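Notes follow the structure.
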Amino acid sequence: SQQGEEDPQALSIQEGENATMNCSYKTSINNLQWYRQNSGRGLVHLILIRSNEREKHSGRLRVTLDTSKKSSSLLITASRAADTASYFCEGIGGSNYKLTFGKGTLLTVNP
Amino acid sequence: GAGVSQSPSNKVTEKGKDVELRCDPISGHTALYWYRQSLGQGLEFLIYFQGNSAPDKSGLPSDRFSAERTGGSVSTLTIQRTQQEDSAVYLCASSLVAVDQPQHFGDGTRLSIL
């Protein structure tokens, strides 16, 4: 079953605006990772946040994790047309190290 | 060094045929994963290899699917008696050691069953 569920499913913004995507999961996790996927390509790892962390930054990316609400958010600041892609969260945890991705958020940044 | 390499990049075959998909992980990565992505969907976990341990096959959708990893490096995913619902992009990833390391993905094999 899918553990990560991204929201919204699609997001369209103008270049320069910020984009926020959310991810919810159902069971406990050890860490949560965010990936991006350009059309027809493999996934590229963006950032990993561990269960004992609340916020993490990497360049224009900011990820938060709220384990009490079982949710995470990815914020992309000052978006660029090149940020257009699908973004997926992946929760890893449990005794079986289940690896599950949501269906992703399709972000379109209009120039 | 080179990234994760998958072959073929595209495969078209008739229903009922067997197919073999290959994944060459990044050198030194002990963990290897297979996923399936149907059109417009997220990734579906199939199988995970970690070192010499027995693989976690819990995600394989049926007994027509099997995977091997020889010598702790190259992996092949085999689908027997393919069905149209097997059409998808099959993605392979590897990571340095453990499950909680960033995964590096190949570009996938796009499988089309006619």
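Out of A:His45, A:His57, I need the residue that is within 14 Å of chain B (Cβ to nearest Cβ), in a strand (DSSP E or B) and not β-branched (Val, Ile, Thr). Which one? Result: A:His45 is the single residue among A:His45, A:His57 that is within 14 Å of chain B (Cβ to nearest Cβ), in a strand (DSSP E or B) and not β-branched (Val, Ile, Thr).
From the list B:Lys11, B:Lys57, the one residue that fits, being of a type in the set (Lys, Arg), open to solvent by 10 Å² or more (accessible area, probe 1.4 Å) and more than 13 Å from chain A (Cβ to nearest Cβ), is B:Lys11. Among the residues of the stretch B:78-99 satisfying the criterion of being open to solvent by less than 10 Å² (accessible area, probe 1.4 Å) and hydroxyl-bearing (Ser, Thr, Tyr), which is farthest from B:Leu21 (Cα to Cα)? That would be B:Ser95. Pairs under 7 Å by beta carbon, first residue among the β-branched types (Val, Ile, Thr) in the stretch A:15-38, partner assigned to a loop (DSSP other than H, G, I, E, B), six or more apart or different chains? Here the result reads A:Thr27/A:Gln3; A:Thr27/A:Gly94; A:Ile29/A:Ser51, each pair linking the stretch A:15-38 to a residue that is assigned to a loop (DSSP other than H, G, I, E, B). Given (1) at pLDDT below 90; (2) outside any strand (DSSP E or B), where does B:Asp63 come up short, assuming only one miss? The failed condition is (1). If you check B:Asp63, B:Asp18 for being more than 14 Å from chain A (Cβ to nearest Cβ), farther than 15 Å from B:Leu111 by Cβ and open to solvent by 50 Å² or more (accessible area, probe 1.4 Å), only one passes: B:Asp63. Scanning the stretch B:26-47 for residues that are touching a Leu at 6+ places or on another chain (Cβ under 8 Å) and over 15 Å from B:Gly59 (Cα atoms), which turns out farthest from the other protein chains (Cβ to nearest Cβ)? Checked the stretch B:26-47; the qualifying residue farthest from the other protein chains (Cβ to nearest Cβ) is B:Gly28. When you scan the stretch B:100-107, do you find a residue that is within 21 Å of B:Asn10 (Cβ to Cβ), open to solvent by 20 Å² or more (accessible area, probe 1.4 Å), part of a loop (DSSP other than H, G, I, E, B) and at pLDDT below 95, even just one? Yes, because at least one residue in the stretch B:100-107 is within 21 Å of B:Asn10 (Cβ to Cβ), open to solvent by 20 Å² or more (accessible area, probe 1.4 Å), part of a loop (DSSP other than H, G, I, E, B) and at pLDDT below 95.
The values are calculated or read from the model by the stated rules, or taken from the named source; none is laboratory data. From a predicted model like this one, the values you see are computed outputs, not experimental measurements. Virtual Cβ from ideal backbone geometry, glycine too; neighbours counted across all protein chains shown. Calculation scope for accessible area: heavy atoms of the full protein, side chains included, ligands and nucleic acids excluded. Shrake-Rupley method; radii C 1.70, N 1.55, O 1.52, S 1.80 Å.
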